[in-house]
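The next block holds one structure in the form of structure tokens; read it before the comments.
The values are calculated or read from the model by the stated rules, or taken from the named source; none is laboratory data. None of the values given here were measured: they were computed from a predicted structure. Cβ placement follows ideal geometry from the backbone for every residue including glycine, while neighbour counts extend to all protein chains displayed.
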């Protein structure tokens, strides 16, 4: 990373480098100061508001809790009053007139109790057989809950075994929709219901009590509380439904618009964290809450970050303006400083550019005795030395690479042997020894390939012929020991590659893969093209190798004693490919002991028309 940064810096001229460095050295302190000031002020503001929000939520929750406790106590007094207990105990044996008389007495009793408590709009008492008694409320526009909703709260109430159940209902849960306009106008859009089951004095189930409280009665407890611009305070129950809210757009008795909020509240309640940062409806907010366990309610406040960060943003703007002024001053100063240095260097840079373009006779005429004059003198000396060294290195490297390439190809002089084998083949043909003639023919063709006649590059088709000649000879030597399967794309056969890169691989498969195994082996030779590359893959199902041997095959020095017909080992093949075509090409080996070995050769797709550029090896290009 350091070297890369250094290269990037050195690509710029000195004047720009000095200007940028001055700018960076000016900006970094300003940015750090600004960010630190913004962060600390923002965090301090959030901490203070978070603390005050928690305290405020505790106070609001306490007021609501006190009101709920009072209403729960009222429900106990009503349920265990003598009039209610006697009415419910003997309700089944009463006639219609007695029941109506008892209902009027109950209404009279509760009217005195709730005439000054405007929050309670209706009280319904139900026998254990679900017979309804209107204990309190408007007798002309009666409070009637739908049977389904009423049955649900009875079921939940029974599970609570006398503990009050707090729920909320809207006009959708009320019957007689034609009177809903009147009820909404006088008793509110939604009602908060306190429902509880209770027993008789003898301990037997007596009935149920449903008390309806106008939702506005609870809203009054926090309606005028203000936590800042854009803030909101509302109450959710444990199911995520809105109980009450300052925001008129938030409908009570409906699920909260962001369902994830209630899960976040429950999670933080388990951790005893009563304020946290969260995203609600795509906006970041500081969230504070207090939990009312008796009603399973969450009193929640949302304060948007836009409000919390308003003061910090103002501070950041002031710092930004100051930073821009300081930055401009730094740029002006850095311009004059850098110009005083860059002007005497300009001539030196131009001379270096000439050298870069290949003009190694460039000289700088600067007789000054300062550092720049010394640099010019050293530059002249280095240009002369570089020219001399480049010429020497070019000559030596070219000779070295040619020597390396020739040393990798184990040369033999098979002319005499070839002429002798031709005589043997002629005699075999006369004597009709066809198998001997076939072997000798294949051997002669291989020997001609070893002679190194013609270009270093041959077609894939010719290379495959060498492989087939070699396999023909080995088939006679190792009768029925192996089979060969070819899968070569026809389109790659006219591309060119190095001579004798495939035969050593096949030879290695036979000698080290298939010969040690029992039974007949299989060699699969595949060839295909991928983009600008050729892939030739040789796979055998022989004894295979472990990972250490695979690594040793490709890493052992190329000076090892040559093996096989061509005198070229696998490592030598890999080196030849890399020397001719580059480091990205070569051989890869995969093998599993006692299972298989795969050798993959990667080559460039060299066509007939551009083969000449590879004729002298990699360093001729």
Odd one out for residue 571 among (1) crowded, with 20+ Cβ neighbours inside 10 Å; (2) under 18 Å from residue 463 (Cβ atoms); (3) at pLDDT below 90 | (2)
Specify the residue that is surrounded by the most Cβ atoms within 10 Å (Cβ to Cβ); the eligible residues are those in segment 350-366 that are at pLDDT below 75 and part of a helix (DSSP H, G or I).
-> 355
Being closer than 21 Å to residue 586 by Cα, in contact (Cβ under 8 Å) with a residue 12 or more places away in the chain, buried (at least 20 other Cβ atoms within 10 Å of the Cβ) and more than 48 Å from the chain's Cα centre (by Cα) narrows it down to one of 466, 470, so name that one.
-> 466
Of the conditions (1) in a helix (DSSP H, G or I); (2) exposed (fewer than 13 other Cβ atoms within 10 Å of the Cβ), residue 347 clears all except one; give me its number.
-> (2)
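Would you call residue 385 part of a helix (DSSP H, G or I), modelled with pLDDT of 70 or more and closer than 30 Å to residue 572 by Cβ? If you could, list the steps in order and put the result at the bottom.
Numbers: part of a helix (DSSP H, G or I): yes; modelled with pLDDT of 70 or more: yes; closer than 30 Å to residue 572 by Cβ: no.
Judged against the criteria, residue 385 is not a match.
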Report, ordered by the first and then the second residue, all pairs with beta carbons closer than 7 Å, sequence separation of six or more or different chains, a first member in segment 288-306 that is at positive phi, and a second member that is surrounded by fewer than 24 Cβ atoms within 10 Å (Cβ to Cβ) and not in a strand (DSSP E or B).
-> 296/238
Please work out if residue 87 is in contact with a helix residue (DSSP H, G or I) (Cβ under 6 Å, 6 or more places away or on another chain), assigned by TED's automatic domain parsing to the domain that holds residue 200 and over 30 Å from residue 237 (Cβ atoms).
-> yes
Answer yes if at least one residue in segment 303-317 is assigned to a strand (DSSP E or B) and either surrounded by 13 or more Cβ atoms within 10 Å (Cβ to Cβ) or modelled with pLDDT under 80 (or both), and no otherwise.
-> yes
Say whether the condition of being farther than 26 Å from residue 170 by Cβ, in contact (Cβ under 8 Å) with a residue 24 or more places away in the chain and in contact with a helix residue (DSSP H, G or I) (Cβ under 9 Å, 6 or more places away or on another chain) is met by at least one residue in segment 209-226.
-> no
Here are some residues: 159, 142. Which one is part of a loop (DSSP other than H, G, I, E, B), in contact with a strand residue (DSSP E or B) (Cβ under 9 Å, 6 or more places away or on another chain) and modelled with pLDDT under 90?
-> 142
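A quick yes/no check of all residues on (1) touching a helix residue (DSSP H, G or I) at 6+ places or on another chain (Cβ under 8 Å); (2) surrounded by fewer than 21 Cβ atoms within 10 Å (Cβ to Cβ); (3) modelled with pLDDT of 90 or more; (4) more than 14 Å from residue 586 (Cα to Cα):
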site: 502; (1), (2), (3), (4): yes, no, yes, no
site: 505; (1), (2), (3), (4): yes, no, yes, no
site: 511; (1), (2), (3), (4): no, yes, no, yes
site: 515; (1), (2), (3), (4): no, yes, no, yes
site: 528; (1), (2), (3), (4): yes, yes, yes, yes
site: 531; (1), (2), (3), (4): no, yes, yes, yes
site: 547; (1), (2), (3), (4): no, yes, no, yes
site: 552; (1), (2), (3), (4): no, yes, no, yes
Across segment 504-554, what is the total count of residues that are in contact with a strand residue (DSSP E or B) (Cβ under 9 Å, 6 or more places away or on another chain), in contact (Cβ under 8 Å) with a residue 60 or more places away in the chain, over 11 Å from residue 482 (Cβ atoms) and not in a strand (DSSP E or B)?
-> 3
Of the criteria (1) within 60 Å of the chain's Cα centre (by Cα); (2) part of a helix (DSSP H, G or I), which one residue 124 fails = (2)
Answer yes or no: is there a residue in segment 103-119 that is part of a strand (DSSP E or B) and in contact (Cβ under 8 Å) with a residue 60 or more places away in the chain.
-> no
Filtered residue count, segment 477-498, keeping only those that are closer than 26 Å to residue 521 by Cβ, part of a helix (DSSP H, G or I) and modelled with pLDDT of 75 or more | 1
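Any residue that is under 22 Å from residue 515 (Cβ atoms), in the same structural domain as residue 507 (by TED's automatic domain parsing) and either in a strand (DSSP E or B) or modelled with pLDDT of 90 or more (or both) - is there at least one of those in segment 575-588? Walk me through how you get there before you give the answer.
Our first condition is that a residue be under 22 Å from residue 515 (Cβ atoms); within segment 575-588, this holds for 587.
This time we only want the ones that are in the same structural domain as residue 507 (by TED's automatic domain parsing), so: 587.
Of the ones still in play, those that are also either in a strand (DSSP E or B) or modelled with pLDDT of 90 or more (or both) are 587.
Among the residues of segment 575-588, at least one is under 22 Å from residue 515 (Cβ atoms), in the same structural domain as residue 507 (by TED's automatic domain parsing) and either in a strand (DSSP E or B) or modelled with pLDDT of 90 or more (or both), which makes the answer yes.
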